[in-house]
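Please read the structure below before turning to the comments.
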Protein chains: 2
Amino acid sequence: MGTSHGSKPTLTSIARSLDLSIATVSNVYNHPERVSEGLQQRVLEAARKAGYPGPDAVARQFRRGKSDTLGVLFTDELSFALRDPASVSFLSGVASACEEAGLNLILVPAGPPLQTNRISSVSNAIVDGFIIYSVPDDDPHLQTALNRNLPSVVVDEPDSAPDTDWVGLDDQAATFELAAHLLAQGHRRIGVVTTRLGVSRYNGPATEERWLRARYAVQRNRILGLVNALAASGIPADELVVEERFDNSVEAGTAGLHALLDRRPDLTAICCLGDVLAIGALEGARQRGLSVPDDLTITGYDDVPEASRVGLTTIRQPLIEKGKIAGQMFLTREQGMPPRRRVLPTSLEVRRTSGPAPLQG
Amino acid sequence: MGTSHGSKPTLTSIARSLDLSIATVSNVYNHPERVSEGLQQRVLEAARKAGYPGPDAVARQFRRGKSDTLGVLFTDELSFALRDPASVSFLSGVASACEEAGLNLILVPAGPPLQTNRISSVSNAIVDGFIIYSVPDDDPHLQTALNRNLPSVVVDEPDSAPDTDWVGLDDQAATFELAAHLLAQGHRRIGVVTTRLGVSRYNGPATEERWLRARYAVQRNRILGLVNALAASGIPADELVVEERFDNSVEAGTAGLHALLDRRPDLTAICCLGDVLAIGALEGARQRGLSVPDDLTITGYDDVPEASRVGLTTIRQPLIEKGKIAGQMFLTREQGMPPRRRVLPTSLEVRRTSGPAPLQG
DNA sequence: CTGAAAGCGCTTACAG
DNA sequence: CTGAAAGCGCTTACAG
């Protein structure tokens, strides 16, 4: 294309070459109805010849004061978040809402810890607002995002962020329902595989003290729900064996199951606090020659697409819907509106990986 | 936070309140080493009090001329792309590369057709360059992106875009290998389930004429590879039965398998041109009471994570790696460099869903 | 170590 | 239907 003689074409250079005002050229792109047909054609033609791709995006948004872009803040490395089908389904819902509204979507990793006055990704992202997805309590990036004073909605965690909209689940109630199901099936010795409870890498048993102080509200509430249900049946909290894995991966689920069963071979049910972990646990059971659910019950959480295909008993949450709602909350937020709080329904999906507790050998 | 008396704080307002130049305040954020410790503290303190979140992102990037943001252009609705684990793995690789380089990632849907001089998402996105992911030949959004004269890399399709880097596979060679495997196992009557060959919604049989003209290079080349291999064994092209589905989903795979088998119950192998379709086809076989691979061989393409878990015979491509390479190509592109072309290796993964052709009944 | 000045490219009232 | 002018908030040489 006929670019390249001289400097980059701009609105100004096009206007000058046609002996028009820059306002008119701008109008051709922004308000074509204000410009006569003939002039429009002349301008577009000149632009084409000059290799002018239309108004510069940054300058435009600078002037207009908005970017038509929504930021999604992930706690984790992006590449990790994208390996978790639950996050991906959520994101897909956000994307639907964005597309309808003509918004672009920018993925912002919380990434490495902040330096005090260095400009981070979160500060640097050009967005009209944030969706903050599942971030630990007191995350510094969360603060940074909130400081920008843009309309934001928090998803899942932290469970109370001041002055922002929130959408998430009642995790305690949901796991209570799961526990009730397991108890009804005769399970008494239950193990839990959870993802990280703290921000630094740790894999191993999690004491009650540890999970009670977990910086991730979701995991904390899920375990709490389980414990409360057991307590209601007279099973003390320290009966619940919890194994923690930093990563949320299939491999972590397999490893978690082995760790649990090595420690307590008498467990009859393993509750994984995410489907990906559960799928890994299923593989672990296979490796040990245990048949599911006859020898061992395994459950998940989230109901990702693969869960139904492998027959996983799990707690369903409306992942895509959650993303759509988060997007909508952003779109409908208005100045001075009080923060909204939206609790989404969950349901227990009983499938093939859970069954009655085996009789004691 | 103590905002809200008067207008939004800016670099200028902070500078004025401290009786400093704006350059100094800017330096506190951008070049702290140029400012004395004491002054830094004073400025940061004043900023905190005023609720100033640091230099405005748009203004900053406007001035600097770069946005530290990479755009990924998807052909499809974003929400669809995110439902395809192959795209997601790819994206995850791109994200890795971006994170290392401190880039943000913006997801740009090609979305609805362009109006001539209206500003589209692609024009409006604030990015330093594009990764163009699997877009049909002659896509107008591709043109728009390329017109911006930003460093861009095309992934998979179209297979020849002028003046841009490209990364993808040798799809013909890859499917040739697959066909050779099937032929060796005695398969002669082979069906194909492909995703869309054109841009408008169509589900049904695809004639040779149709797939030869497919606007999606990937599908075209995969089918061509199959046909060539069959031809080499004396099986004419029109022996290959191709069923097309617009969506790339599990459901489409199931429907595709049924359509194929309703039409030609004597098929012994079904090649799905994507793993998600193959997973759906597996379900279809189950519904028909066919045992895989004894009654029917089913194969996929891509080797997404779930493929190995269900034992799917498939062609493996390095999805995450592909994303990383695309990101790296963008990062390492330099002015005046000739376009680079990177062909990634594929390999046939023989697993449990393929086997010898059943003897004729 | 700190400051005065230019200017990035555009859109938007407003006037004619 | 077209144009002159202001100004969005910042960073960067450059000078002192």
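The values are calculated or read from the model by the stated rules, or taken from the named source; none is laboratory data. These numbers come from a predicted model, not from an experiment. We place every Cβ from the backbone using ideal geometry, glycine too, and count neighbours over all the protein chains shown. The area values use the complete protein model at the heavy-atom level, side chains included, leaving out ligands, DNA and RNA. Shrake-Rupley method; radii C 1.70, N 1.55, O 1.52, S 1.80 Å.
Data table
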item	result
Single match in B:Thr69, B:Thr75 (criterion: at the interface with chain A (Cβ under 10 Å from one of its Cβ atoms) and either open to solvent by less than 30 Å² (accessible area, probe 1.4 Å) or among the hydroxyl-bearing types (Ser, Thr, Tyr) (or both))	B:Thr69
Some residue of region A:35-52 being farther than 30 Å from A:Val94 by Cα, hydroxyl-bearing (Ser, Thr, Tyr) and surrounded by fewer than 20 Cβ atoms within 10 Å (Cβ to Cβ)	yes
Candidates B:Ala326, B:Ala255, B:Ala259 - the one that is assigned by TED's automatic domain parsing to the domain that holds B:Ala95 and farther than 30 Å from A:Arg286 by Cα	B:Ala326
Listing of helices (runs of 4 or more DSSP H) fully contained in region A:1-112 that carry 1 or more residues being more than 22 Å from A:Ala326 (Cα to Cα), within 16 Å of DNA strand D (Cβ to nearest atom) and at pLDDT 90 or above	A:11-18, A:22-30, A:37-50, A:57-64
Some residue of region B:12-22 being more than 9 Å from chain A (Cβ to nearest Cβ), within 8 Å of DNA strand C (Cβ to nearest atom), closer than 24 Å to A:Leu150 by Cα and open to solvent by less than 50 Å² (accessible area, probe 1.4 Å)	yes
Unmet requirement for A:Pro55, which otherwise passes all of (1) within 8 Å of DNA strand C (Cβ to nearest atom); (2) under 20 Å from B:Asn147 (Cα atoms); (3) over 44 Å from the mean Cα position of the chain (by Cα)	(3)
Residue match in region B:112-135 (condition: within 16 Å of DNA strand C (Cβ to nearest atom), more than 30 Å from A:Glu37 (Cβ to Cβ), in contact with a Gly (Cβ under 6 Å, 6 or more places away or on another chain) and in the same structural domain as B:Asp165 (by TED's automatic domain parsing))	yes
The lone exception for A:Ala57 - which of (1) touching a Ser or Thr at 6+ places or on another chain (Cβ under 6 Å); (2) facing another protein chain (nearest Cβ under 9 Å) it fails	(1)
Odd one out for A:Arg83 among (1) more than 13 Å from DNA strand C (Cβ to nearest atom); (2) under 21 Å from B:Arg148 (Cβ atoms); (3) in contact (Cβ under 8 Å) with a residue 24 or more places away in the chain	(2)
Subset tally (residues that are outside any strand (DSSP E or B) and over 14 Å from the mean Cα position of the chain (by Cα)) for region B:122-141	12
Region A:293-311, residues that are open to solvent by 50 Å² or more (accessible area, probe 1.4 Å) and away from chain B (no Cβ under 14 Å)	A:Asp294, A:Asp295
Pairs where the first residue, in region B:17-46, is over 21 Å from B:Ala57 (Cα atoms) and the second is assigned to a loop (DSSP other than H, G, I, E, B) and of a type outside the set (D, E, K, R), C-beta under 9 Å, 6+ apart	B:Ser17/B:Pro9; B:Leu39/B:Leu20; B:Arg42/B:Leu20
Subset of region B:330-361 (residues that are under 17 Å from B:Asp275 (Cβ atoms), in a loop (DSSP other than H, G, I, E, B) and open to solvent by less than 50 Å² (accessible area, probe 1.4 Å))	B:Thr346, B:Thr353, B:Ser354
